[in-house]
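A.B. asks: Quick one: structure below, then a few questions.
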Amino acid sequence: MPAPTAPASCEDEETCVCCCCCHKRTPKANPKGIEAANTFIAADDVPVKTQKPFEAAPTATPSPVMLDDEDELGSDEEDMPDAYYKLSATVVVGPVGEVFAELGYRSTADADDANDVAALRVTRWQLKVQDTEAVKLYDSQMDIKVHQTRMVKLRPDALFTAKVRLWSDKAQLWGPWCSAVRIRTMREVRCTPNDIGADGPKKGEHSPPQCRW
């Protein structure tokens, strides 16, 4: 009986799909000296890339915090020094007209603290005036020798709020804002002719009400 012949596909060793060993394969040369695929590499032989540990964050350098003068203290009011509370003041309301108002300040510190307040060297005071819509109309710092200032170009028969605070050169801080004081300017005086005679018209006047605050 003649010997079985290999299929045509077996002639090419690379494309052989026979289920049996039709021919003996010759292992190819390994030019790079790489070990067989079934050879495991020990974990100790794998180079490990070391990562530099995170450095500790530098300590934050204390820096002055700029606070908005609308809320000068925020939530730290309880931690303020005693000098802060001794700088208390209030608004003094002077003459008020239709389009002007004279406002000043007065210290409200206790008589027992008078010497301490003098030692704080109060040199400035600040006045802030707003209307009912919280629009800032006046905000100025003045020398402590200027006890009163005159605001002009106000609206007649209008309601405003004013508050003040004091500055200490020694403590280098502002005192607390006082409670807002309400001020209303007078109404305009309007004249209407009642009668016209031979000598001229007779005028009637509407007197404005007293200033209220």
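The values are calculated or read from the model by the stated rules, or taken from the named source; none is laboratory data. Everything numeric here is computed off the predicted structure, so don't read it as measured data. Methodologically, a virtual Cβ is constructed for each residue, glycine included, from the backbone with ideal geometry; neighbour enumeration extends over all protein chains shown.
A.B. asks: Only one residue in Thr149, Thr123, Thr185 is of a type in the set (S, T, N, Q), more than 14 Å from Thr90 (Cα to Cα) and within 30 Å of the chain's Cα centre (by Cα). Which one?
C.D. replies: Within the list Thr149, Thr123, Thr185, the selection yields Thr123.
A.B. asks: Moving on. For segment 157-167, check the following and say yes or no: at least one residue is in contact (Cβ under 8 Å) with a residue 12 or more places away in the chain, in a loop (DSSP other than H, G, I, E, B) and surrounded by 11 or more Cβ atoms within 10 Å (Cβ to Cβ).
C.D. replies: yes
A.B. asks: Same structure again: Name the residues in segment 121-151 that are touching an Asp or Glu at 6+ places or on another chain (Cβ under 8 Å), of a type outside the set (D, E, K, R) and over 20 Å from Ser179 (Cβ atoms), would you?
C.D. replies: If the condition is that a residue be touching an Asp or Glu at 6+ places or on another chain (Cβ under 8 Å), of a type outside the set (D, E, K, R) and over 20 Å from Ser179 (Cβ atoms), then Thr123 is the only one that fits.
A.B. asks: Can you tell me how many residues within segment 93-106 are out of contact with any Gly (no Cβ under 8 Å at 6 or more places or on another chain), closer than 18 Å to Trp177 by Cβ and buried (at least 19 other Cβ atoms within 10 Å of the Cβ)?
C.D. replies: 1
A.B. asks: Hey, any hits in segment 194-213 for a residue that's modelled with pLDDT under 90 and closer than 16 Å to Tyr105 by Cα?
C.D. replies: Taking every residue of segment 194-213 in turn, at least one turns out to be modelled with pLDDT under 90 and closer than 16 Å to Tyr105 by Cα.
A.B. asks: In segment 85-103, what residues are at pLDDT below 90 and either farther than 20 Å from Asn115 by Cα or under 25 Å from the mean Cα position of the chain (by Cα) (or both)?
C.D. replies: Tyr85
A.B. asks: Can you give me the number of residues within segment 82-92 that are surrounded by 15 or more Cβ atoms within 10 Å (Cβ to Cβ) and either among the aromatic types (Phe, Trp, Tyr) or outside any strand (DSSP E or B) (or both)?
C.D. replies: Count: 5.
A.B. asks: Quick check on my filter: what residues within segment 113-127 are surrounded by 14 or more Cβ atoms within 10 Å (Cβ to Cβ), without any contact (Cβ under 8 Å) to a residue 40 or more places away in the chain and not acidic (Asp, Glu)?
C.D. replies: Answer for segment 113-127, where residues must be surrounded by 14 or more Cβ atoms within 10 Å (Cβ to Cβ), without any contact (Cβ under 8 Å) to a residue 40 or more places away in the chain and not acidic (Asp, Glu): Val117, Leu127.
A.B. asks: Identify, by number, the condition in (1) more than 23 Å from the chain's Cα centre (by Cα); (2) under 25 Å from Glu98 (Cα atoms) that Ser168 doesn't meet.
C.D. replies: (2)
Here is a yes/no grid of residues against (1) under 24 Å from Met80 (Cα atoms); (2) touching a Leu at 6+ places or on another chain (Cβ under 8 Å); (3) of a type outside the set (Gly, Ala, Ser):
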{"residue": "Glu102", "(1), (2), (3)": "no, no, yes"}
{"residue": "Val117", "(1), (2), (3)": "yes, yes, yes"}
{"residue": "Val146", "(1), (2), (3)": "no, no, yes"}
{"residue": "Cys178", "(1), (2), (3)": "yes, no, yes"}
{"residue": "Arg182", "(1), (2), (3)": "no, yes, yes"}
{"residue": "Arg190", "(1), (2), (3)": "no, no, yes"}
